[in-house]
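Notes follow the structure.
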Amino acid sequence: MTILPPVQMSWVVELSKPKLDQSITCLSFTGRKGSRSYIHIQPQRSTELQPYNQLELTTQSGNDSDFKTLLLKMVVQPLNAVAGFLCSIKSLQPSLDTELNDSRIQAELQSLYSQKRMEVESAVKDASNLVLSAELWSSNEAMFYLTVSCHLITENWRQKSYVLDTAHLLNEHTPEYVQKQLLRISNEWSITENIQVVVTNVDGMKKVPHGYQWAYLPCFANTLNKMFKETIDYSDWKHLLRKCQRIVAFFHQNNKASESLRNYCFHINLKLTELTQITDLKWLPTLHMLKSILELWPAIFNVFATSRVDDLCLNENERKTLNDIVAVLNLLKKVTENIGNQEYSPISNIIPLVQNLQKELRNLVMMGNRIAQILSQKCDYHIGSIKKNNWFRVSTALDPQYKTCLLNDSGVEDVKTEIRSKMRENTHTVQSRYDFKSEEMILQKYWQINISENPLKFWSTNVEFKQLAPVARKYLTVVSTAIPMECVHQFEKSQIINRRSNLEPKNLSMILFLNAN
């Protein structure tokens, strides 16, 4: 949540932190103390409060109107900070409820949205080489949304990303309908002609005609998950994972068994970790589920033996298979963490990451890991072609951290030819005569340097490569994933997804827009 700069007086909002199994459903005005006003948000079913998180807000005057405006600003801050605030607005005391009603909220929300939209329009309208990311997500099986973001690199080499719109797709989430929404959004923002690439987790987009020279690239995070699902569908591994889901469900649904598990962990000096239940076999939630089962297996086995639960026991071969799956999934986690650790996530590091992933998978295969063998084959099928894709290849070549992995490639001359072509296109726009000798000198010097530096910092400070810099900006703008990396690593089902489904689509789009921008 953002802390606003102080002006004349301050307000303090205190957020009581509820227990894990509770949600914030009550908001009450508790009065003033001196020059401060206090809002107390508390759990619905408990008077036992955890330590407060305090957020100091400010306003130019001390009247309730300004205070309500500040509360409205809270609505568009990170949703998990005040989860349920908008849904619970009716629980305000009557003294505030008369002014802070649905119409007031809608008007203020629209006003904030309009102001911020003007700022974003100013940022994107004159930018060239724009990249869109289109993330398809759902709040439940019948509610699908498409969040479209725009990415660019400014003239002073700052990477900027803006959420443009969140479209409500209902059940119509075909590639054709997604394409229709992308064209609508890009036209509304007047950026259609400036878009070069769309990165998306929607399959089949390349086959949809659209009349524009947009290149469609798959979301890397989504591709990793697709590889894992196809690997698990092989043989009886999926059946084994379903069995693990039943093991977790057994303890979640049986209080006596859960108590026995805690007692056995205590007696054998085993750290009690949470058994993670999952509803979908995505790779990261599956990793957490399997690790918790394997870590607690001595205690779980004792519970099953005592309770005579034979059908859920894992034999030695099954536990070995689970350990093999965990070893493979740890590699996927390592890959995504490397992406997430970047200041931004361009496609320039995907080729070296995939090369390293394949190397480590081969090491596991040599140790007899059959899951690694199948995943390696899926990796070749889904990602192997990226070394033939110019967007990936040229982006990698223009990132000083990773260019060396292409220099010994048999097709590196094609990459150099593409870079020369783009350099000439940019130069011809400002001068009629082109200096081919200067071009070669710049390229040769760039290929010879050996430096490990953030690409944006490199291109912003090395003026000797200014003829090459516009080409680098074009290719380094392309992001690797449409799914925010913090969402990739959020293995627990978000409470906010369920709350979003209660919002009107227009309000949802405005809130996510303001939240992100």
Return the sequence-ordered ³J(HN,Hα) values of segment 463-474 in whole Hz as given by the Karplus equation 6.51 cos²θ - 1.76 cosθ + 1.60 applied to θ = phi - 60°, using x for Gly and Pro.
5, 5, 10, 5, 6, 8, 4, x, 5, 4, 4, 4
More than 17 Å apart - percent of Cα-Cα pairs taken over segment 321-427
59 percent
Once the dipole of segment 191-271 is set up with Lys and Arg at +1 and Asp and Glu at -1 on Cβ about the Cα centre, which of ALA215, HIS267, CYS244 lies farthest towards its positive end?
HIS267
Counting only heavy atoms of the protein chains, get the accessible area per residue of segment 164-299 (1.4 Å probe) and round it to a whole Å² value.
49 Å²
Evaluate the charge dipole of segment 299-424 about its Cα centre and quote only its size in Debye, nearest 20, assuming +1 on the Cβ of each Lys and Arg and -1 on the Cβ of each Asp and Glu.
460 debye
For segment 107-115, in residue order, the Karplus 3J(HN,Hα) values (coefficients 6.51, -1.76, 1.60; θ = phi - 60°; whole Hz; Gly and Pro = x) are 5, 5, 4, 5, 5, 4, 4, 4, 4
Kindly flag which residue pairs out of LYS243/LYS320; LYS238/LYS378; LYS207/LYS474; LYS437/LYS474 have an alpha-carbon separation exceeding 21 Å in this structure.
LYS207/LYS474; LYS437/LYS474
From the C-alpha gyration tensor of segment 271-375, pull out the three semi-axes of the equivalent ellipsoid (sqrt of 5λ each), sorted largest to smallest, in whole Å.
32, 17, 10
Gyration tensor (alpha-carbon) shape descriptor, segment 108-168, a/c threshold 1.5:
oblate
What order do you get for 404-412, 162-170, 182-190, 107-115 when each peptide is scored by the mean count of other beta carbon atoms within 10 Å, highest first?
162-170, 182-190, 107-115, 404-412
Over segment 265-318, what percent of the accessible surface lies on carbon and sulfur atoms, probe 1.4 Å?
50 percent
Segment 151-160 - phi-based ³J(HN,Hα) in whole Hz, Karplus 6.51/-1.76/1.60, Gly and Pro as x
10, 7, 10, 6, 4, 8, 6, 10, 7, 10
Given a Förster distance of 25 angstrom, what is the FRET efficiency for LYS229 paired with MET366, based on the Cβ-Cβ distance and rounded to 0.05?
0.50
For segment 171-212, the fraction of alpha-carbon pairs in successive 5 Å shells from zero, as %:
5, 21, 34, 27, 11, 2, 0
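Mind ranking 235-245, 283-293 by how tightly packed they are, going by the mean number of other C-beta atoms within 10 angstrom, highest first?
283-293, 235-245
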Could you pull the Rg and Dmax for segment 338-400, using just the Cα atoms, both in Å?
13.2, 38
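The values are calculated or read from the model by the stated rules, or taken from the named source; none is laboratory data. From a predicted model like this one, the values you see are computed outputs, not experimental measurements. With ideal geometry, Cβ positions are generated from the backbone for all residues, glycine too; neighbour counts draw on all protein chains shown. In case anyone asks, the SASA skips ligands and DNA or RNA and just uses the protein heavy atoms, side chains included. Shrake-Rupley method; radii C 1.70, N 1.55, O 1.52, S 1.80 Å.
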